[in-house]
Amino acid sequence: MHAEAIDKDKIPAHVAIIMDGNGRWAKSKGFMTRIKGHENGVEALRNATTACAELGVKYLTVYAFSTENWSRPKMEVNALMRLLVGALSNELDTLMKNNIRLQAIGELASLPNDCFRQLHDVIDVTKNNTHMTLTLALSYSSKTEIISAVKSIAKEVEAGTLSADAIDEKVFASHLYTKDMPDPDLLIRTSGEYRISNYLLWQIAYAELHFTNKLWPDFTKEDLYLAIVDYQHRERRFGKTGEQLKVN
Ligand code: FPP
């Protein structure tokens, strides 16, 4: 699949990705450790990020580490955190060159101190970049995000600054980590798994879903183009009929 096959007038504004299959990739290549898969996963992430930026995607949000991932073997968790720190400093150039702003969502306070600091440094240095926003979901759980939104809304109601009747979708969304971004138009999951795995549950209400058997480290720019062309061939009805869409 080539970039020319993509309709430049129908680029999804927000692409979300569940980068799955690093461990299986390492095993399939005969590596002794799953970490090799994560290392190669960083390269796939760089390719996907630059491809999205080139196409004019405005938001790319990737699932880098779930709250459930903390229960993996300590060695793997440490390696992933080290990889994150390394990638953040190595990729700063790429982010600046492509005018990309970095953001992070999740329970960031749970990250090791050096990760947390490095992450905030890169967020700070890139904060005025305007071409695209790359958001890392780190120590992220969508259910936790929703509960924390409910709690903060409940506190406002308790304090009398918000009436219960005024709670609508807009108010709710404004209490999520993703309050400053549009909902994803397209969600991609690699590795042949057909699950959402606690990722952006509220936000993907109307996203188009694209599943591929490719393991994440093998995911290329061409695979991203394929996902976008697939998205462009869908009829997005948002609950309306096909006929209604033709009239409006
Ligand atoms: C899923 O593969 C991948 C992860 C849990 C980590 C994702 C991390 C990266 C792509 C690289 C690091 C990212 C940054 C931002 C530095 P898996 O381990 O669940 O694979 P498996 O399902 O085959 O076991």
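Read-outs throughout are calculated quantities, based only on the coordinates presented, and are distinct from any laboratory measurement. The structure displayed is predicted, hence computed values, not measured ones. Using ideal geometry, Cβ is built from the backbone for each residue, glycine included, and neighbour counts are taken over all protein chains shown.
Model label points for SER110 and ALA3, set 7 angstrom from Cα along the Cα-to-Cβ axis, are 3.8 nm apart. Per-residue ellipticity at 222 nm, computed for the chain from helices alone with -39500 (n - 2.57) per DSSP H run of at least four residues, works out to -13000 deg cm²/dmol. Placing R0 at 25 angstrom, the Cβ-Cβ distance between ASN78 and MET32 gives a FRET efficiency of 0.90 after rounding to 0.05. Charge tally for ALA26 (other residues, Cβ to Cβ under 12 Å; Lys, Arg +1; Asp, Glu -1): +2. Based on Cα contacts under 8 Å between residues 6+ apart, the chain shows a relative contact order of 29 percent. Ranked by the mean number of other Cβ atoms within 10 Å of their residues, highest first, the peptides 56-64, 125-133 fall in the order 56-64, 125-133.
What translational D, rounded to a whole number of µm²/s, comes out for the range 100-195 from Stokes-Einstein when the hydrodynamic radius is the Kirkwood one over Cα pairs, at 20 °C and 1.002 mPa s? It would help to have the intermediate numbers written out before the result.
Values: Rh = 15.7 Å.
Estimated via Stokes-Einstein, D reaches 137 µm²/s.
Of HIS120, HIS2, HIS14, the sequence from fewest to most neighbouring Cβ atoms within 10 angstrom is HIS2, HIS120, HIS14.
Think of the range 76-208 as having a plus end and a minus end, set by charges on the Cβ of Lys, Arg, Asp and Glu; of THR130, ALA164, LEU176, THR130 sits farthest toward the positive end of this dipole. Can you work out the base-10 log of I(q)/I(0) for the chain at q = 0.10, 0.13 1/Å, using the Debye formula on its C-alpha atoms alone? Those come out to -0.52, -0.87, one per q. Using the Karplus relation 6.51 cos²θ - 1.76 cosθ + 1.60 with θ = phi - 60°, the per-residue 3J(HN,Hα) values for the range 93-106 come to 4, 4, 5, 5, 4, 8, 6, 9, 9, 9, 9, 9, 10, x Hz, with x marking Gly and Pro.
Using the Cα centre of the range 1-155 as the reference point, and only Cβ charges (+1 on K/R, -1 on D/E), how large is the resulting charge dipole? Debye, rounded to the nearest 20. Mind showing how you got there, number by number?
Values: 19 positive and 16 negative charges, 81 e Å.
It works out to roughly 380 debye.
Under 5 Å between amide hydrogens, built in the peptide plane, is the criterion, and for LEU162 it picks out VAL157 among residues at least 5 positions away or on other chains.
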